[in-house]
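Some notes on the structure that comes next.
Just so it is clear, none of the values below were taken in a lab; they were calculated from the coordinates. Because the structure is a prediction, the values reported are computed rather than measured. Here the Cβ is made from the backbone with ideal geometry for all residues, glycine too, and neighbour counts use every protein chain on show.
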Amino acid sequence: MQVPDRFWEKFKNKELRQEGHRGPYKTQEEIDHARAALAMCENIDWNVGRIIEQLEKNNLIENTIVIYLSDNGPNGFRWNGEMKGIKGSTDEGGVRSPMMMQWLGKFPQGKVIKEIASGIDLLPTLVDIIGIDHKAKNTLDGKSLKPLITEENPSWKDRYIFNYWRGKLSVRNQNYRLDNTNQLFDMKVDPHQTNDISVEKPQILAQLKQQKIQWEKEVLSELPLKDERPFYIGHPSLQTTQIPARDGTATGSIKRSNRYPNCSYFTHWVNVNDSLVWNIAVPHSGDFEVTVYYSCAQDALGSVFELGFGKSKIKGQITEVHDREEYGAAEDRVTRKESYVKDFKPLNLGVMHLEAGKGLLTLKGIKKTGEALMDFRLLLFKRLSMEDRD
């Protein structure tokens, strides 16, 4: 949670009258975390204002649809309109977000739409508003919100919106939400989901449970139980491909800098026989210039490692010290849960030929001269040539 001083100063000692969640969640609130979020909101408001000013300055404001929304609920326990849940939950507080739209001279100002909607509605809405003849290969799940935006009293049928995350499925219509444990809640009078009415409303319960079953058959059945899709290297539309630590798997004693993978790196490479592995796919054979981003201590000079895919192998040797400390903590308003970052040095390994196909990309140690081989951040593949392209 980072925000410039002038926004933080306004909130760092501010008394928060609207605190936390009801029930057991209230004790989990971190006040400074909430203050930082409020300061960040103010900073974002300011930046959106700068965009609007530029649109006005360049006479584009009347020809631009501005949409502002967030992707999920808050990333911690703080005031959330008394809705249950946070980011990562399929309850109302985990999935409900504000969305504001502006089209000067075309959209009515100050209109509040109370009908439920979803991010899947954005494409059909914009296509409808702009008048594009868009033909999707598959039927779109979303609906155009144009009638709700532009009409006074539009005809609008009730609908079902599904929220799924890590095996948890909930379904919502205009009045009710059936959560992932099949508890039923009246969202008009109980937005914090404290009163299960499944016994009192058996017909509604059966209706929403059937919607869940149907969604699982039509949508979830198309997804594998375990996502084992490979990471692509050398897609025809991309000149370079990054293979970061985030997506890799470590063997032996190698550790990730943080349990949360984003921005993380691999460290504690103290056993030369350990390795890093990625499940990859190469769509077209070709030559790639390969660069590894690393850091290391003085005693790692001379250490050797090898990158391999199929029969192709290329070695690298550490010839320059790059010992860097993590940073970011000084700029954080509250202690972060995610990984801190540090600067990594690029080391060009040369040209590697990759044959088309799927398999394991492996980075392994060959020779370790010090306590640890290196800390690893990412591999960068730059396509130099491409074969067997249709």
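Some observations on this one:
- For the chain, the longest principal axis of the alpha carbon atoms and the long axis of helix 202-218 meet at an angle near 30°.
- Per residue of the chain, the DSSP helices (runs of n ≥ 4 H) give a summed -39500 (n - 2.57) that works out to -5500 deg cm²/dmol at 222 nm.
- In segment 158-212, the trypsin sites (Lys or Arg not before Pro) that fall in loop regions by DSSP, at most 13 other Cβ within 10 Å: R166, K188
- Evaluating 6.51 cos²θ - 1.76 cosθ + 1.60 at θ = phi - 60° for every residue in segment 165-172, the Karplus couplings come out as 7, 6, x, 9, 10, 10, 9, 10 Hz, glycine and proline recorded as x.
- Most fluctuating residue given options S97, S118, S312, as computed from a GNM of the chain linking Cα atoms under 10 Å: S312
- When each of L360, L69 is scored by the number of other beta-carbon atoms lying within 10 Å, the sequence from fewest to most is L69, L360.
- Rounded if a/c under 1.5, otherwise prolate or oblate - the chain, Cα gyration tensor axes: prolate
- Each of C41, C263 was scored by other Cβ atoms within 10 Å of its Cβ. Arranged with the fewest first, they read C41, C263.
- Relative to the longest principal axis of the Cα atoms of the chain, the long axis of helix 31-57 makes an angle of roughly 80 degrees.
- Mean Cβ neighbour count within 10 Å, used as a protection proxy, ranking 265-275, 142-152 highest first: 265-275, 142-152
- Residues M101, M83, M386, sorted so that the one with the fewest Cβ neighbours within 10 Å comes first: M386, M101, M83
- Share antiparallel - DSSP beta bridges, the chain, percent rounded to 5: 95 percent
- In segment 231-383, Cα pairs under 8 Å separated by at least six residues give a relative contact order of 39 percent.
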